[in-house]
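Peer 1: There's a structure below that I have some questions on.
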Amino acid sequence: MAQRDTASNSYLVVFGNQDSRRLPGIDNRMLLQDRSKPLAVNLSGDRSYAIVFDELDRLTVAMRQANVRPGKVLVITDTNVAGHYRGRLDSLLKSDGWDPLILTLPAGEMTKSPKHLHAIYNAALAWKIDRQTPILAFGGGVVGDLAGYAAATLLRGLPFVQVPTSLIAQVDSAIGGKTGINHEEGKNLIGAFHQPKLVFVDPKLLYTLPRREWHSGLAEVVKHALIRDEAFFAWIESSINHVVARHPDVVPDLVYRAASIKAGVVSRDEKEHGERMILNFGHTVGHAVEKALGYGVFTHGEAIILGMRAAILISRRFNRGLEQSRVESVLGQIPLPKIPPTLSLPEVREAMNTDKKRDRSSLRFVLLKRVGAAYVTNDVGEADIDAALAHALGRPF
């Protein structure tokens, strides 16, 4: 659970805390770890950065510690987040000597587009930024990806700060430097690696998330556990009702642990040449579902849940010892909207053909040997893919 360090005014996220009696059925000792130390993404050269867990009011302190100094700052946010926090962030930055320009873009996946990217370019260049002007992403995954790509490409690279406000961003998309926009041919097909100077996480921001967005983010949390951390999956499994309900006594633990998995993978494989590929578990089918439905019909996380269901069925065919029913039980407790009956298997298959995870002429899948152990393969037959799609979408096969 989260405790307060009165000396540093920061969160201490402690695993193995004895005081688990507040939530019947929760035993944090299952994780056998003390995670009170700051997280970091450790990269070559001077590009390593911290993932700081603290309250939003201490953001500028963390920015100074990350050597991001006051001056102009271009803030990218969206209409949903701005409605809750724009005034607070504006006052916070100005009080510490910053001169913020806050661009508020429409919320939703369609904003990750060339149109809105150029809106950022136009505003930034008209404002006479220089190469020391940071871009601060204040929002979920869409805002982070879009703002990060603007930071990667404006003046050949600007300092970048991530302040993720959604679960999916706090545990996944804000960490690792992947930036980009969508193309009509597929999701995230235009982009670049551009690492932030700082990722600043305030779990309290998650309590203004719409319920659907919280559930969407749980897809990435469960994914992290499935690919790398059986003990974490067991903890989620034992506390799933509290996790789905966003109980304050599980949220800091959940976010910290999932973020630590992502940080570790990225530190070992920055540009997805090896281990980082396993973070795409569920994404081969998930991205295709998003495209076939039309971006915004299903959230990213909702589509990834369907993609994980497909990948789990294929995994079971290759690895008979995989506890498929156990995994499906956890995924089944994360609410999903009804799959439109108009979504056809051929449409999804066609969308899969443009996925950037293709390897020459074959599709690349991330599968599970067992809970907590993932691997990458191109050796999945057409019949297995069709059966997995039918299973995930609830269609006859």
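Peer 1: Please identify the pairs in which a residue from segment 54-81 that is within 13 Å of Ser95 (Cα to Cα) has its Cβ atom under 9 Å from the Cβ atom of a residue that is of a type in the set (Asp, Glu) and modelled with pLDDT under 95, counting only partners at least 6 apart or on another chain.
Peer 2: Val61/Asp54
Peer 1: Output the residue which, of all residues in segment 200-216 that are among the aliphatic types (A, V, I, L, M) and assigned to a helix (DSSP H, G or I), is farthest from Pro134 (Cα to Cα).
Peer 2: Leu206
Peer 1: Right, another one. Could you grab me the full set of residues in segment 173-199 that are assigned to a loop (DSSP other than H, G, I, E, B) and of a type in the set (Lys, Arg)?
Peer 2: Residue satisfying the conditions is Lys197 alone.
Peer 1: Next question, about the same structure. Among the residues of segment 90-108, which ones are under 13 Å from Phe138 (Cα atoms) and assigned to a strand (DSSP E or B)?
Peer 2: Scanning segment 90-108 gives Pro100, Leu101, Ile102, Leu103, Thr104, Leu105.
Peer 1: Which of the residues belonging to segment 37-70 are of a type in the set (Val, Ile, Thr) and buried (at least 18 other Cβ atoms within 10 Å of the Cβ)?
Peer 2: Val41, Ile51, Val52, Thr60, Val68
Peer 1: Going through segment 225-255 one residue at a time, which ones are in contact with a Phe, Trp or Tyr (Cβ under 7 Å, 6 or more places away or on another chain), assigned to a helix (DSSP H, G or I) and at pLDDT 95 or above?
Peer 2: Answer for segment 225-255, where residues must be in contact with a Phe, Trp or Tyr (Cβ under 7 Å, 6 or more places away or on another chain), assigned to a helix (DSSP H, G or I) and at pLDDT 95 or above: Ala225, Leu226, Ile227.
Peer 1: Now, a different point. How many residues are among the small types (Gly, Ala, Ser) and more than 25 Å from Val52 (Cβ to Cβ) when one looks only at segment 229-260?
Peer 2: Of the residues in segment 229-260, 4 are among the small types (Gly, Ala, Ser) and more than 25 Å from Val52 (Cβ to Cβ).
Peer 1: Might you check whether a residue that is over 24 Å from Lys128 (Cα atoms) and crowded, with 20+ Cβ neighbours inside 10 Å occurs anywhere in segment 71-80?
Peer 2: Yes, the conditions are met somewhere in segment 71-80.
Peer 1: Does at least one position in segment 118-131 carry a residue that is part of a helix (DSSP H, G or I), within 30 Å of Asn353 (Cβ to Cβ) and not acidic (Asp, Glu)?
Peer 2: Yes, some residue in segment 118-131 is part of a helix (DSSP H, G or I), within 30 Å of Asn353 (Cβ to Cβ) and not acidic (Asp, Glu).
Peer 1: Same structure, new question: Any chance you could count how many residues in segment 114-137 are touching a helix residue (DSSP H, G or I) at 6+ places or on another chain (Cβ under 8 Å) and closer than 23 Å to Glu184 by Cα?
Peer 2: 4
Peer 1: Checking the condition under 20 Å from Ala62 (Cβ atoms) and either surrounded by 21 or more Cβ atoms within 10 Å (Cβ to Cβ) or in contact (Cβ under 8 Å) with a residue 40 or more places away in the chain (or both), which residue from Ile190, Ile175 passes?
Peer 2: The unique qualifying residue is Ile175.
Peer 1: So which helices (runs of 4 or more DSSP H) stay within segment 285-397 end to end and still have 2 or more residues that are surrounded by fewer than 16 Cβ atoms within 10 Å (Cβ to Cβ) and not assigned by TED's automatic domain parsing to the domain that holds Glu185?
Peer 2: Those helices (runs of 4 or more DSSP H) span 324-332, 345-352, 382-393.
Peer 1: Which one is surrounded by the fewest Cβ atoms within 10 Å (Cβ to Cβ) among residues in segment 178-187 that are at pLDDT 95 or above and within 20 Å of Gly217 (Cβ to Cβ)?
Peer 2: Here the residue is Gly180.
Peer 1: Can you tell me which residues in segment 85-115 are of a type in the set (Phe, Trp, Tyr) and closer than 30 Å to Gly294 by Cβ?
Peer 2: Across segment 85-115, the qualifying residue is only Tyr85.
Peer 1: Look at Ala152 and say whether it is of a type in the set (A, V, I, L, M, F, W, C), within 24 Å of Val297 (Cα to Cα) and in contact (Cβ under 8 Å) with a residue 12 or more places away in the chain.
Peer 2: It is false that Ala152 is of a type in the set (A, V, I, L, M, F, W, C), within 24 Å of Val297 (Cα to Cα) and in contact (Cβ under 8 Å) with a residue 12 or more places away in the chain.
Peer 1: Can you find even one residue in segment 304-324 that is under 23 Å from the mean Cα position of the chain (by Cα) and among the basic types (Lys, Arg)?
Peer 2: Checking segment 304-324: at least one residue is under 23 Å from the mean Cα position of the chain (by Cα) and among the basic types (Lys, Arg).
Peer 1: Regarding Ile240, is this residue out of contact with any Gly (no Cβ under 6 Å at 6 or more places or on another chain), more than 17 Å from Gly282 (Cβ to Cβ) and either surrounded by fewer than 17 Cβ atoms within 10 Å (Cβ to Cβ) or not acidic (Asp, Glu) (or both)?
Peer 2: The answer is yes for Ile240.
The values are calculated or read from the model by the stated rules, or taken from the named source; none is laboratory data. Treat the numbers as computed from the prediction; the structure is a model and nothing was measured. All Cβ positions, even for glycine, are placed from backbone atoms using ideal geometry, and neighbour counts span all protein chains on display.
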